[in-house]
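The structure under discussion appears below in the form of structure tokens.
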């Protein structure tokens, strides 16, 4: 079983970098991630900045997050996250303007398992599985950019 991994995958999104980058903040993700409901611990208003702390819940897991690096001018953010009794990790997003007026977003995860449950989670996060997850983000983000609605709320 895997006890440590690093994954990275890039996507090209259908919007300019100044519109896309804010979608990778905790408040921005509420626009395109179904069920994403961060609880802001500091600052309580949820403004993204270095040192911010928030909590999320997914299923029976709670994850604590902190913003370790915040560079809105350089379109880069790095979060530290811990899911107690499972895994510790870093999430980094870097956005660059793409040639067609879109945005290339590179998303990198680094995880270290804290338990058998964490090793099991990491073992399932193969490079292919990670790429599929980030490609699904592309679909959700592009849907929001083009329609203003989340992919989950669309009724075609």
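FYI, it's all coordinate maths here, none of it is from the lab. A quick note: this is a predicted structure, and the numbers were derived from the prediction, not measured. Cβ placement follows ideal geometry from the backbone for every residue including glycine, while neighbour counts extend to all protein chains displayed.
Some values worked out for this structure:
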quantity	calculated
Segment residue 99-residue 31, length gained on full extension (0.36 nm per residue, minus Cα span)	21.9 nm
Value of relative contact order over the stretch 4-147, rounded to a whole percent, pairs C-alpha under 8 Å and six or more apart	29 percent
Tilt relative to the chain, helix 127-147 - C-alpha long axis, 0 to 90 degrees, to 10	30 degrees
Contour excess over end-to-end distance, with Cα ends at residue 2 and residue 116 and 0.36 nm allotted per residue	40.1 nm
Rounded if a/c under 1.5, otherwise prolate or oblate - the stretch 45-156, Cα gyration tensor axes	prolate
Peptides 45-51, 75-81 ordered by average Cβ neighbours within 10 Å, highest first	75-81, 45-51
Potential extension, residue 53-residue 106 segment - 0.36 nm per residue separation minus Cα distance	16.8 nm
Cα gyration tensor shape of the stretch 1-48, rounded if a/c is under 1.5, else prolate or oblate by comparing a/b with b/c	oblate
Label-reachable residues, the stretch 1-41, where backbone N falls under 19 Å from a point 7 Å from residue 126's Cα toward its Cβ	1-10
Whether the stretch 1-82 is rounded, prolate or oblate, judged on the alpha carbon gyration tensor where a/c under 1.5 counts as rounded	rounded
222 nm mean residue ellipticity, helices alone, for the chain (DSSP H n ≥ 4; -39,500 (n - 2.57); rounded to 500)	-7000 deg cm²/dmol
Gap separating the Cα centres of the stretch 1-67 and the stretch 83-156, nearest whole Å	10 Å
Fluctuation leader among 32, 65, 137 - the chain, Gaussian network, Cα springs under 10 angstrom	137
Among 106, 120, 14, residue whose mean-square fluctuation peaks in a GNM of the chain (springs only between Cα atoms under 10 Å)	120
